[in-house]
Every structure is written in C-alpha cells, then in structure tokens.
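The block underneath contains the structure these notes are about, expressed in structure tokens.
The values are calculated or read from the model by the stated rules, or taken from the named source; none is laboratory data. These figures come from a predicted structure and were not determined experimentally. Note that we place each Cβ from the backbone using ideal geometry, even for glycine, and neighbour counts take in every protein chain shown.
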C-alpha cells in the first residue's frame, strides 16, 4: 500500500536528528521505499495507525468471505441443496453417523470475527495516546501479525473451497419459481403502455 511505503529512518524517537547528517534519501533508495516519511513526529505517531489501516482494508475482504461462508452454509443444507463440496472438505458428525458437516465454512465464518477482534485491539491501544512515541505501540505488533496470518490462511482456504464448489444446476433452476419474474412481468406491461402503478397492482393480484 502506498500509504505505508515510506522510509522512517532518521526520525529517531519521534523528533529526528540533525547532528549525524543521515542521508534519508539515500537510505530510502537503498531500502526500496517509495519516499521519505518527512515529518519525524508523524513517523512515531503513525505507529499502530498504519497497522490499523492495513487491517481495515483487509477487513472488507474478510467481510465478503464471511458472507460467502454463511450463504454456502445455508444453501448446502438439505432444504436447499443448491451447492456441494467434495468429501475432502467435510467432516463427520460427533454423533450422527450419516451426517457430513461443512465445518470448514463455519471456521472461516468464525475467523472473520477473530480478525475483526485483532483490528479493534490495535484501535483500542492507539486511540487515546498522546503525541510522540509511546511504548504502548509495541502492543500493536502481535494483533497485527496474527491478523495478517489469519487473513492469509482464510483467503487460501476459501480459494480452495470455491475451486471445489459444485453448483447443482437442476436444483437451482427448479427453485426459480414464476414469482421471481414478477417484476419483469410488470415492466413488460409498462412497456406495453400501462403505468407502473397499474402494472404493479395487476401483477400483485395475480400472485396473491
């Protein structure tokens, strides 16, 4: 991310140094940073903030993954039976011999909550700190590293799940009952000259 591609070397504990003559542009080039993090105070104050920004960005991905997992847990049930996974992704029941569980999806869904907890840990550590360097910042490293590892593992698992996912086309098509196309019917009536109010009411009465 561009926001963190900045070289903090030379900022010292937060107020910089002007005695040693450290060439910050040189170290930026040698270390492969995009630019120098110019404001020395901001170098210290961005501790934890950058970690939080990164996890916040990844949280959008985790949010979608959790929603996919929840949807698949519903639509793989016997009542829907729209999708299935191979047995390699299922586990046996602790008591029901015939049952096969989609535990991987439940764990993925749970991982999203754990990930959000790591992100909030960082926020709670840094939100009320005074300006400058504070030792509290070191406490952001553990939740950050754990959050990154959990996100990576979860994304890798869901990639395998999606590759293995089988859609049951016949069941999906049979579930598309006529009322799903009620809006299309109303719009066709509008296209034929009726007002949408009239078309809406006509189609509504048809399906009551």
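None of 167, 182, 199 is surrounded by 10 or more Cβ atoms within 10 Å (Cβ to Cβ) and either within 30 Å of the chain's Cα centre (by Cα) or closer than 25 Å to residue 77 by Cα (or both) except 167. Number of residues in the stretch 1-23 that are in a loop (DSSP other than H, G, I, E, B) and closer than 14 Å to residue 44 by Cα: the value is 10. Quick one: in the stretch 31-58, which of the residues that are in a helix (DSSP H, G or I) and free of Cβ contacts under 8 Å to residues at least 60 places away in the same chain is farthest from residue 18 (Cα to Cα)? Filtering the stretch 31-58 for residues that are in a helix (DSSP H, G or I) and free of Cβ contacts under 8 Å to residues at least 60 places away in the same chain, the one farthest from residue 18 (Cα to Cα) comes out as 57.
Here is a check on your reading of the model: is residue 140 in the same structural domain as residue 54 (by TED's automatic domain parsing), more than 22 Å from residue 64 (Cα to Cα), surrounded by 15 or more Cβ atoms within 10 Å (Cβ to Cβ) and touching a helix residue (DSSP H, G or I) at 6+ places or on another chain (Cβ under 9 Å)?
When the stated conditions are applied, residue 140 passes them.
Checking each residue in the stretch 67-109 for being crowded, with 18+ Cβ neighbours inside 10 Å, within 19 Å of residue 167 (Cα to Cα) and under 15 Å from the mean Cα position of the chain (by Cα) picks out 69, 105. Apart from one condition, residue 112 fits all of (1) more than 28 Å from the chain's Cα centre (by Cα); (2) under 19 Å from residue 148 (Cβ atoms); the exception is (1).
Looking across 111, 124, 116, 128, one residue alone is part of a helix (DSSP H, G or I) and within 25 Å of residue 42 (Cα to Cα). It is 124.
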